[in-house]
Amino acid sequence: MRSEALGGTLLTKRLALPIFASDPLSSVAYATQEILLVLTLGGLAYLHFTPWIAAAVVALMTVVVLSYRQVVHAYPSGGGSYEVASTNLGPSAGLVVAASLMVDYVMTVAVSVASGVDNIISAVPRLADYRVPMALVFVALLSAMNLRGVRESGRAFAAPTYLFIGGVLIMVATGLFRYALGDAPVSESAAYGVTPRPGDADLMGLALVMLVLRAFSSGCTALTGVEAISNGVPAFRRPKPRNAATTLAAMGIIAVTMFVGVTTLALITDVHITDDACRLTGLGGDCADHTQRTVIAQVASAVFGSDSVGFYFIQAATALVLILAANTAYNGFPLLTSILAQHRYLPRQLHNRGDRLAFSNGILALAITAGLLLWGFGANVTSLIHLYILGVFTSFTLSQSGMVRHWNRELRTETAPAVRRGHRIARVINATGAVVTGLVLIIVLATKFTQGAWLAVLAATLLWLMMRAVRRHYDSVAAELAVTDAHSELAPPSRVFAIVLVSTVHKPTMRALAYARAFRPDRLEALTVSVDPEGVAEVRSKWQEYDIQVPLTVLDSPYREITRPVVGYVRSIRRAGPRDVVAVFIPEYVVGHWWENALHNQTALWLKSRLLFTPGVMVISVPWQLHSSRRADRPAGRAPGAVRRGEPAPPGPSGGEPVGGHDGPA
């Protein structure tokens, strides 16, 4: 796609919702489950806390959505939390947000895909042994779709997201209708008891509070991905801020409705789920062979029937949308890394768009990192979930704190009463968000740190340090390359000393000599390395036969090295004339197929890599295209995957091969 076609990739609200909000929408499939898994550590006695915890999650979701609507309007350029924190709290705070979000985006892909695979296994238990390969295949498919472009991926992912929303809402309505008629659905695990973990049976005081807070922090996974819309404002159609804010509000309403509905049905159907199936009582079989279905699977089975079309529809839609929920990260992560690369905190390659106007390098980096996590943790949701949500609440807290400063600055200059009133209301919303999300961040750290969250903290810290190091490098390079005295920089060198490297006298050598003469250097000579007396004699003979009017210098190399004598000779010339420039001409030929490179040595690469580190030395490649490279240059005849590379004509006599790619030692 041409660069000017970028405007055609902008999104309507209908497409933006599944692209940017699939993560928070799909998290209702496991947020309730994570609350129940923590509460059942103490058996069934603490399940009565579930409604209160769910209510706290809903209140938090409302505050966060309202807060990010302020961000969307105040910072529509797409930086989101990173831009807010950098502008109002300083670059270091902005990098903390960026590092936290990058870790969280990677975890979004890993957790979403692993949870989707879990739901597939709930419907087809015999696939349990293929958990990791399935997860990796799904990551590869997601990456391929996103490499096609934002709009194309949105079209592919829109239908499953809307089918999931419709299916869950129908399930909730059906279950509540049956409950109202006195025919309450009952889950398959309702008859099972739960044996408390040792020490968790009769918790009191602070221990009970910590258990409830831990369940709350696990339920806060429902909020992951909320900030993605604020990062993706530039991808919306005009008016961008208003469309993004509307999409954010729609996402919040739908996510809260589904979360409340699933949690209510889980309590009505009396779902019992544990971290270890062997703590379930009344199984009547070997607990090691028992595969627990997910909460949403048990609810769907209770409402529609275990082998009904409705059950399989919910499972298929849930598995699909959970896998596609990773698409939120596939849009947020590349956008964020592109902005960071533009600000010189990450390699500049991450700022470049690919052929389909997507940030291809960011997509590939995300896919590789998430794939390694899934492989390392066995695609296990319970293991991965402890590394989750820490980063997102770090960004929530710093972003909302930065917005408070933003409104304070605006109020100092604004005089219109109506506008000031709006700024004050926005400041109250953001201040509330900062306090609430800050408390949740403390809770998450306190309850999950020793269970694996320390890995997320370590990863974010290393990212923060790496980005600062990258910025220092780019700043130092920019300072070193800046023109300080244009007159002196444009001053020509005292003399130009040209050297043509010779291995044998053939067409590439003759072209290199002619090209070097065209430069009209102050001094020109040919240079060869003697690793074989017979080869040197042949070069001298050809030199005289062809009457080449260029001095030929022969360097002795008793240890059959080529690179070291050449580099030493060039440096000796530089020492003799520090203001001189040495131009080294390297004849090399170009092959047309990748496998032909393997038939020749790569002496030129070694020579270039060594000479480029020598001040005052210019390295000039003089290519000679073989017939195979000319054939490969034709679009119809070029073999798939064929590459054309310069092959050296090294400055040592080959004694066998007619063209400079001999197999002698470099």
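The values are calculated or read from the model by the stated rules, or taken from the named source; none is laboratory data. It should be emphasised that the depicted structure is a prediction, and the values quoted were computed from it without experimental measurement. Using ideal geometry, Cβ is built from the backbone for each residue, glycine included, and neighbour counts are taken over all protein chains shown.
For region 489-502, what are the residues that are exposed (fewer than 11 other Cβ atoms within 10 Å of the Cβ) and closer than 24 Å to ARG571 by Cβ?
First pass over region 489-502, keeping only residues exposed (fewer than 11 other Cβ atoms within 10 Å of the Cβ): 489-492.
Within region 489-502, GLU489, ALA491, PRO492 qualify.
Residue check: ASP202 meets all listed conditions (1) within 16 Å of GLY42 (Cβ to Cβ); (2) in contact with a Lys or Arg (Cβ under 6 Å, 6 or more places away or on another chain) but one, namely (2). Annotation note: of ARG540, ARG560, ARG575, the sole residue that is farther than 18 Å from ILE499 by Cβ, over 41 Å from the mean Cα position of the chain (by Cα) and not polar (S, T, N, Q) is ARG560.
The residues in region 583-625 that are among the β-branched types (Val, Ile, Thr), in contact with a Lys or Arg (Cβ under 6 Å, 6 or more places away or on another chain) and more than 25 Å from VAL496 (Cβ to Cβ) can be counted, and the count is 1. Of everything in region 180-230 that is more than 42 Å from the chain's Cα centre (by Cα) and closer than 25 Å to ALA255 by Cβ, the residue that is surrounded by the most Cβ atoms within 10 Å (Cβ to Cβ) is PRO185. Taking each residue of region 185-214 that is assigned by TED's automatic domain parsing to the domain that holds THR269 and looking for partners that are outside any helix (DSSP H, G or I) and aromatic (Phe, Trp, Tyr) with beta-carbon atoms closer than 7 Å, six or more apart or interchain, yields LEU211/TYR46. Scoring VAL505 on the criteria (1) in contact (Cβ under 8 Å) with a residue 60 or more places away in the chain; (2) surrounded by 17 or more Cβ atoms within 10 Å (Cβ to Cβ); (3) out of contact with any strand residue (DSSP E or B) (no Cβ under 9 Å at 6 or more places or on another chain) leaves a single failure, condition (1). List the residue pairs whose Cβ atoms are under 7 Å apart, where the first residue sits in region 602-623 and is on the phi < 0 side of the Ramachandran plot, the second is part of a strand (DSSP E or B) and hydroxyl-bearing (Ser, Thr, Tyr), and the two are 6 or more positions apart or on different chains. Sorted first by the residue in region 602-623, then by its partner, the pairs are PRO623/TYR589.
Just one of the numbered conditions (1) among the hydrophobic types (A, V, I, L, M, F, W, C); (2) in a loop (DSSP other than H, G, I, E, B); (3) within 44 Å of the chain's Cα centre (by Cα) is not true of TRP606: (2).
Rundown of residues vs (1) small (Gly, Ala, Ser); (2) at positive phi; (3) at pLDDT 85 or above; (4) assigned to a helix (DSSP H, G or I), yes/no style:
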position: PRO241; (1), (2), (3), (4): no, no, yes, yes
position: VAL271; (1), (2), (3), (4): no, no, yes, no
position: GLY284; (1), (2), (3), (4): yes, yes, no, no
position: ALA288; (1), (2), (3), (4): yes, no, no, yes
position: VAL299; (1), (2), (3), (4): no, no, yes, yes
position: PHE333; (1), (2), (3), (4): no, no, yes, yes
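Tell me, yes or no, whether region 381-393 has at least one residue that is assigned by TED's automatic domain parsing to the domain that holds ASN119, at pLDDT 85 or above, polar (S, T, N, Q) and assigned to a helix (DSSP H, G or I).
Taking region 381-393 and keeping what is assigned by TED's automatic domain parsing to the domain that holds ASN119, we get 381-393.
Right, trim to at pLDDT 85 or above and you get none.
No; the residues of region 381-393 include none that is assigned by TED's automatic domain parsing to the domain that holds ASN119, at pLDDT 85 or above, polar (S, T, N, Q) and assigned to a helix (DSSP H, G or I).
For region 101-150, enumerate the residues that are among the β-branched types (Val, Ile, Thr), over 25 Å from LEU390 (Cα atoms) and either in a helix (DSSP H, G or I) or in contact with a Cys (Cβ under 8 Å, 6 or more places away or on another chain) (or both). I'd like the intermediate steps shown before the answer.
Restricting attention to region 101-150, the residues satisfying the condition of being among the β-branched types (Val, Ile, Thr) are 103, 106, 108-109, 111, 113, 117, 120-121, 124, 132, 137, 139, 150.
Okay, now just the ones that are also over 25 Å from LEU390 (Cα atoms), so 120-121, 124, 137, 150.
Once the filter is applied, which keeps residues that are among the β-branched types (Val, Ile, Thr), over 25 Å from LEU390 (Cα atoms) and either in a helix (DSSP H, G or I) or in contact with a Cys (Cβ under 8 Å, 6 or more places away or on another chain) (or both), region 101-150 yields ILE120, ILE121, VAL137, VAL150.
Among the residues making up region 563-601, those that are of a type in the set (S, T, N, Q) and either buried (at least 17 other Cβ atoms within 10 Å of the Cβ) or within 15 Å of TRP624 (Cα to Cα) (or both) are THR563, ASN597, ASN601.
Evaluated against (1) outside any helix (DSSP H, G or I); (2) surrounded by 16 or more Cβ atoms within 10 Å (Cβ to Cβ); (3) among the small types (Gly, Ala, Ser), ALA158 falls short on exactly one condition, (1). What about ALA98, is it part of a helix (DSSP H, G or I), at pLDDT 90 or above and in the same structural domain as VAL295 (by TED's automatic domain parsing)? Yes. ARG560 fulfils the conditions (1) surrounded by 15 or more Cβ atoms within 10 Å (Cβ to Cβ); (2) at pLDDT below 90; (3) not hydroxyl-bearing (Ser, Thr, Tyr) except for a single criterion, (1).
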